[in-house]
Amino acid sequence: MGKKIKILSGVLGVAMLFSCIAGCKGGSETPGGSQEGTPLSSMGEVEGTIHEYNIGTTAYDIVADGKSDYVIVSRDGIASGGDESAAISDLRYFFGQATGIDLPVVSESEVAWSAGAAYISVGQTSLAEAAGVRATEEDVGTAGFRIVTEGRSIFALGATEVGTANAVFELMHQLIGFEPYGVYTTALDENVTDLALPDFDIRDVPDIPLFMNSYGVYNVSPELRRRQRVTNSMWISAGATYHNSFYYLPKAEWELSHPGWYATGAEQLCYTAHGDAEELDLMIDAVVEAMKEYLIGNPDGEYITFTQQDNVGWCSCEACQAVLQKYGANSASVIQFVNEVSARIREWFAGEGAEYERPLEICFFAYHSTNDAPVVSENGTYRPVDESVVCDEGVSVIFAPIGMDYHYAFTDPVNRASYEAINGWSAVSSKLFMWTYCTNFSYYLAPFNSFGAMQDSYRFLKEMSTFYLYDQSQYNNSNCTGFTNLKMYLSAKLAWNVNLNVEELIDNYFENCYRPANAAMRKYFEGLRSQFAYMENVVGIGGSIYENTITTANYPKPVLTAWLDYIDEAYAAIEPLKESDPAAYDNIYKNILTESISVRYILLTLYSSKYVESELEEMESSFMRDLGTVNITYVSEHVTVDGLF
């Protein structure tokens, strides 16, 4: 049996962190970077995580001499196209790719468990019940799972379909080396003719219970999202998922009759109704009625947002100014408002809306003008100003620190304001939803150095008992350059287990995505790492998600041409695969080509005048052609690549 990449068509087909040079941190705060001093919180390995892997041996084989008598068993009546059904299809397909064996699939009602039966039971089947194997939400949450060997059978199950799918993906990883690195690369053992049955006793629960990262790659490839164990959107759409307050109260419908519902001097609602108690009561009722319609339209959804508009403004009326004066935070009136909305929704659940009752979480934003929680701090301990600004059960904040320096972790002194804000929110919201950022929205094609901050930030969020994390990236770009796909892979792995060895993850990524071109692409990556350190510590750039980093100071032409030399070296290294393994060549070629886009874009942007007209035209023409080949569609959040050159 050999370990290599199984080339599949399309989507089938830290010790080493980007840290700053220690010698550059002496003295006071460096421009755009961290400052001298100890971290705000120590972020070593997080304790209390649940990743229990007890794997022994048995006397049995799953595959012997290229043959297997195993059968996949599914639950009766599972939904076609659902997570569990899709995972069973994946198991059958990838097992077949690794072994050449097409395992049959039967329903639980067709078989009965016995210690000698050779089954791979998927989900909470009657066989699992008979064998005494269970997975409850109390034990594994909604996304976690168990994998257990009983007799000759393997049981892979979660408390939900998502959990069961995750169990199947881990089972494939354990048995046949399955690892989904990206849209062009899935690692898999090949030519497996003998496979022993392990004695599994696994319980694995993600450190961040609900994790979403918004890469447009996942829109093109929902299969990759599932296989990397990233949560699909679980929100009820209230007109829009986010920034939807005007969907609840459209200005065209309500502003003439209720002008006090809308902010003075800003495109927002006024959450005090300008101090008019009667109008505030009517306003809350109108929001409740709109929310009822959204809940009726989605009877199974358990999470809904009521969130401010996407701008920095806030109401400047006297009543809102009084709230700010009393509580020290604009967010106080939002909490009070949403608490009352929640109370009235629950009254409806208890009465005429009983058929629509469900566990429900109503979430609001802490964002821009509502960034800070209504708390007071005493010796590093936070408490709410009063009980009226504590989120009721079923009401939670989504904290979105858009002004943070994402080159550094939450615990770095440069991010003290965000560190203090999240601690404040933990004092008023028992369940913490987080919205963070990991790209430059003005410059999609430029590398964004949040790599080195990822592990410490994720560990900190785990320590803060974060329930949900949405790490926003290039949500509308069908593919990404600047090693953003590596970041996508790392974020999925670290959100599941914040204590993983980042160096090993990066090593494995390069070895599998680039194979014979690994060394060349690693030189490019290390060069980029060194340049990041120079940019942050000498040039003085920060980690704003809108900062212009494409400058000659940040990217001298000799640096860019050296990186292109590494890329040419990588192409040369895979040339023999063109004949020996054309499918592998094509996928690795696209991985290399994807990472060339960033360098070439910066070179064309900064140094086009250095080339004669004919050479420049060819460079621009090939660049645009290659964008199409690797499906990169946006140059920034709101600008497509169409007509770029």
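The values are calculated or read from the model by the stated rules, or taken from the named source; none is laboratory data. None of these values were measured; they are calculated from a predicted model. In this analysis, Cβ positions are derived from the backbone assuming ideal geometry, glycine residues included, and neighbour counts consider all displayed protein chains. Accessible surface is based on the protein model in full, side chains and every heavy atom, while ligands, DNA and RNA are left aside. Shrake-Rupley method; radii C 1.70, N 1.55, O 1.52, S 1.80 Å.
Determine whether R134 is charged (D, E, K, R), in contact with a Lys or Arg (Cβ under 9 Å, 6 or more places away or on another chain) and either open to solvent by 10 Å² or more (accessible area, probe 1.4 Å) or on the phi > 0 side of the Ramachandran plot (or both). So R134 passes the test. R146 passes every criterion in (1) in a strand (DSSP E or B); (2) open to solvent by less than 10 Å² (accessible area, probe 1.4 Å); (3) more than 30 Å from T594 (Cα to Cα); (4) in contact with a Lys or Arg (Cβ under 6 Å, 6 or more places away or on another chain) apart from (2).
Residue pairs whose Cβ atoms lie under 6 Å apart, sitting 6 or more positions apart in sequence or on different chains, and linking a residue in region 121-133 that is more than 14 Å from G158 (Cα to Cα) to a partner that is in a strand (DSSP E or B) and open to solvent by 40 Å² or more (accessible area, probe 1.4 Å), are A131/E150.
You will find that of L500, L490, the residue that is crowded, with 19+ Cβ neighbours inside 10 Å, at negative phi and at pLDDT 95 or above is L490 and no other. The requirement of being within 25 Å of V385 (Cβ to Cβ), open to solvent by 30 Å² or more (accessible area, probe 1.4 Å) and in a loop (DSSP other than H, G, I, E, B) is fulfilled nowhere in region 436-455; no residue meets it.
Evaluation of Y242 against the conditions (1) open to solvent by less than 40 Å² (accessible area, probe 1.4 Å); (2) over 23 Å from A143 (Cα atoms); (3) within 17 Å of the chain's Cα centre (by Cα) shows that the sole unmet condition is (1). As a summary of the residue check, L224 satisfies the conditions (1) of a type outside the set (K, R); (2) touching a Leu at 6+ places or on another chain (Cβ under 7 Å); (3) open to solvent by less than 10 Å² (accessible area, probe 1.4 Å) except for the one numbered (2).
Residues that are out of contact with any helix residue (DSSP H, G or I) (no Cβ under 8 Å at 6 or more places or on another chain), in a loop (DSSP other than H, G, I, E, B) and surrounded by fewer than 20 Cβ atoms within 10 Å (Cβ to Cβ) occur at least once in region 555-572. If you go through region 245-260 and keep only what is assigned to a helix (DSSP H, G or I), out of contact with any Leu (no Cβ under 6 Å at 6 or more places or on another chain) and open to solvent by less than 60 Å² (accessible area, probe 1.4 Å), you end up with F246, Y248, K251, G260. The single residue among E387, E378 that is modelled with pLDDT under 95 and open to solvent by 30 Å² or more (accessible area, probe 1.4 Å) turns out to be E378. Scanning region 268-293 for residues that are assigned to a helix (DSSP H, G or I) and open to solvent by less than 50 Å² (accessible area, probe 1.4 Å) yields A273, E279, L280, M283, I284, A286, V287, V288, A290, M291, K292.
For F169, state whether it is within 30 Å of L486 (Cα to Cα) and buried (at least 21 other Cβ atoms within 10 Å of the Cβ). Taking the combined requirement at face value, the residue satisfies it.
Within region 539-546, can one find any residue that is in a helix (DSSP H, G or I) and either touching a Cys at 6+ places or on another chain (Cβ under 6 Å) or over 23 Å from S214 (Cα atoms) (or both)? So far as region 539-546 goes, yes, one or more of its residues are in a helix (DSSP H, G or I) and either touching a Cys at 6+ places or on another chain (Cβ under 6 Å) or over 23 Å from S214 (Cα atoms) (or both). Which residues, counting only those in region 581-596, are open to solvent by 10 Å² or more (accessible area, probe 1.4 Å) and out of contact with any Cys (no Cβ under 7 Å at 6 or more places or on another chain)? Correct list: D581, P582, A583, Y585, D586, N587, Y589, K590. Does T160 satisfy the condition of being over 27 Å from P222 (Cα atoms), among the hydroxyl-bearing types (S, T, Y), at pLDDT 95 or above and buried (at least 20 other Cβ atoms within 10 Å of the Cβ)? In short, no.
Here is the figure for region 172-203: residues that are farther than 30 Å from T484 by Cα and either open to solvent by 30 Å² or more (accessible area, probe 1.4 Å) or not in a strand (DSSP E or B) (or both) total 8. Within region 214-236, residues that are closer than 19 Å to T484 by Cβ have Cβ atoms under 6 Å from residues that are of a type in the set (S, T, Y) in these pairs: S214/S473; S214/Y475; Y215/S473; G216/Y475; G216/S478; V220/S478; R225/Y218, counting only partners at least 6 apart in sequence or on another chain.
Taking into account only those residues within region 297-312 that are of a type outside the set (A, V, I, L, M, F, W, C) and within 17 Å of F337 (Cβ to Cβ), which is surrounded by the most Cβ atoms within 10 Å (Cβ to Cβ)? Looking at the filtered set, the residue picked out is Q308.
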